[in-house]
1. Taking 0.36 nm per intervening residue step and subtracting the Cα-Cα distance, what contour gain separates residue 102 from residue 18 on full extension?
2. Which order, highest average first, do 7-13, 45-51 follow once you tally other Cβ atoms within 10 Å for each residue and take the mean per peptide?
3. What is the extension gain from residue 10 to residue 95, computed as 0.36 nm multiplied by their sequence separation minus the C-alpha to C-alpha distance, in nm to one decimal?
4. Express in whole angstrom the spacing between the alpha-carbon centres of segment 101-119 and segment 12-60.
5. What ranking, highest mean first, results for peptides 77-87, 98-108 when packing means the other Cβ atoms within 10 Å averaged over each residue?
Amino acid sequence: MNYEKEYSEESFWQKVKSVAKKAGSKTIYTALLLYYATRRPETPKWAKATIYGALGYFISFIDAIPDITPLVGYSDDLGVLALALTTCAIYINDAVKSTARAKLREWFGDDIFEEIQEVESSLDNEDRQDTRW
């Protein structure tokens, strides 16, 4: 299935708002980082296509692990989103992070920022790797 075709901005926001608590802050933060990266004019078309594919998978009802499955329902979504995040990390700047954090704070409050440290650390590691080249 071509998940990029599943993506639309309206369906993205509907999905995120409806599953935010069930999917968890890491999954939602990763999705938000990718979404806001697509809003940057500097993000190339290939990266946007990668991101739209991952977000399309997140939105899609057709899933490797159904989202209604307790405890693991969003693990495949997070894996796909994390892969896209790793691939496109160079296009996630401080403004993207700040905007994603603000939206996350709006939905989850301030208590979740420890939970997203793993995502932040993976981005920091990608940044360090990119600077070595």
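Rule-based calculations on the coordinates, nothing more; no lab input. Keep in mind the model is a prediction, meaning the values are calculated, not measured. No Cβ is skipped: glycine too gets one built from the backbone with ideal geometry, and neighbour counts run over all protein chains shown.
1. Taking 0.36 nm per residue and subtracting the Cα distance, the gain is 28.4 nm.
2. Packing order, densest peptide first, comes out as 45-51, 7-13.
3. Gain in length upon complete extension: 28.4 nm.
4. 16 Å
5. Final packing ranking: 77-87, 98-108.
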